[in-house]
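The values are calculated or read from the model by the stated rules, or taken from the named source; none is laboratory data. The structure displayed is predicted, hence computed values, not measured ones. Only protein heavy atoms, including side chains, enter the accessible area calculation; ligands, DNA and RNA are left aside. Shrake-Rupley method; radii C 1.70, N 1.55, O 1.52, S 1.80 Å.
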Amino acid sequence: MTTSLVRQVLPRPRPRPRTRPTAADVHGTTAPGFAAVRHSFERACRDAGPPCSQGAALAVVRNGETVVDLWHGTADPVTATPWTGDTLAPVLTGSHGILATAVLLLADMGALALDRPVGDYWPEFAVRGKGAVTLRDVLTFTARLPGLAADLDQRDVENPQLMALLLEPHSPEADPRAAGVLHGPWTAGWIAAEVIRRVDGRELDLFFLEEIAGPLGLDIHFGLVPDQLPYAARISYDADFRARFPAPDGSADDGGANLAGRVWNNPSPFPADAGIWSESRRRHAVIPALGAYASARGLARLQGILAADAVRAPGEAPLLLSRRTLDRARSLWAEGLDPLLGGVSAYGEGGLQLLDEGLHPTVRSGAFGHRGPGGTAYQAWPQAGIGAALVRGRLTAGPGARVLDSVADAVANTVPGAVVDVVARTPRTAA
């Protein structure tokens, strides 16, 4: 486990009042024109089960202004702590888009380049067939390194530098399916975090805090410090959630090579005991690919900033990332049907997940962000100036209520005739 002690002496956010609202109610506000979004969120919360057993939050930012800020239910059923607008939810596999944003910032600074080999920054990595693996390959899950052969446990993954050492002598997967595994839960994070450490000198958590979350006032963190623990949500699963992932014994049709075991059960990111993710040790740990914690407000604001930066005039000063970097980061690089999980995924060159335009293509044109597990999602809609985020404490098997569709409905009714995005959507390589 590595936790930056420096974070504990940095200025803390101003104290927040500890109110205890009634968990059964939906709290918060919506701007005019977004009342239907509240109804959709209320319906989704009712469908998820008793408020004492789960909680959720939804936030939407339009052109820098918060237009939806809602929350409901219980953040921690064990302590009966209610969800508030400041609750920090584990983003789990949805952390990838946040991690990619950190790498893209370093690229924007000129400190690294996505198309250069990882070995240029981390020489020990460039052995056993990995010499040509680029950062772009890592961020788009096309590096053929979706899992580790070494037998790992839940404690091991809390030490990113140990994981980096284990990856150094590792060879790319020989299993041909590995090139199409577009949902690797662990390894991309360890590689990206080690590159950040070697290029910048700071650990991922401190780099993200000092360069992104702190300056922009975002409640998003890689690992938590002690005074943030009271605001952390406890995750749980519904009865069928874990069934969508390969069985622990690798009994899925795996060709005898047990690729699924190495990727999804070494160890499982969703262990049978969900309480592992609520242990203090786990919450303090820096786990790059799964360990981001965020409020819905923080995620929505980050996506709103990226949405604004994505449509700035060339040369105009960005809030976070330049138009040039975002144009490239959103240009389709990899797309395919994941051979282990099913489902089609697409990634831009910078590792940002490219999302379906859905029922309102003008509103969602050029949408990117990330879909997390069990209904968690955050999205940027550049042409509409929208950043939206839905976070949940209870992870469900199905897609859940399409709350973000109701956001698109509301935006379509208030912002007619959005301009079509011009970022390239032609693949440059096959996944």
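Values for this structure:
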item: Protein accessible area in the chain, 1.4 Å probe - carbon and sulfur %; result: 53
item: For the chain: accessible area per residue (Å², 1.4 Å); result: 38
item: Label assignment, Cα Rg over 2.2 N^0.38 Å derived from the structure, set (1) 1.72; (2) 1.15; (3) 0.92; result: (3)
item: For the range 27-82 versus the range 112-135, the gap between their alpha-carbon centres in whole angstrom; result: 43
item: Relative contact order for the range 126-173, counting Cα pairs under 8 Å that sit 6 or more residues apart, in percent; result: 58
item: Accessible area in the full protein assembly, largest first, 1.4 Å probe, for His27, His96; result: His27, His96
item: Relative contact order %, the range 129-259, counting alpha carbon pairs below 8 Å whose residues are six or more apart; result: 24
item: Gain on full stretching of the segment that runs from Glu65 to Leu165 - 0.36 nm per residue minus C-alpha separation; result: 31.6 nm
item: Candidates Ala292, Ala329, Ala239: whichever shows maximal mean-square fluctuation once the chain is modelled as a Gaussian network with Cα springs under 10 Å; result: Ala239
item: The chain: relative contact order in percent, alpha carbon pairs under 8 Å with at least 6 residues between; result: 22
item: The range 117-264 shape via C-alpha gyration tensor axes, a/c threshold 1.5; result: oblate
item: Rounded to the nearest 10 Å², the accessible area of Glu168 at probe 1.4 Å; result: 30
item: Helical contribution to [θ] at 222 nm, DSSP H n ≥ 4, -39,500 (n - 2.57), averaged over the chain, rounded to 500; result: -7500 deg cm²/dmol
item: Most mobile listed residue (Pro215, Pro269, Pro185) in the chain, GNM with C-alpha springs under 10 Å; result: Pro215
item: For the range 333-393 and the range 149-196, distance of Cα centres in Å; result: 24
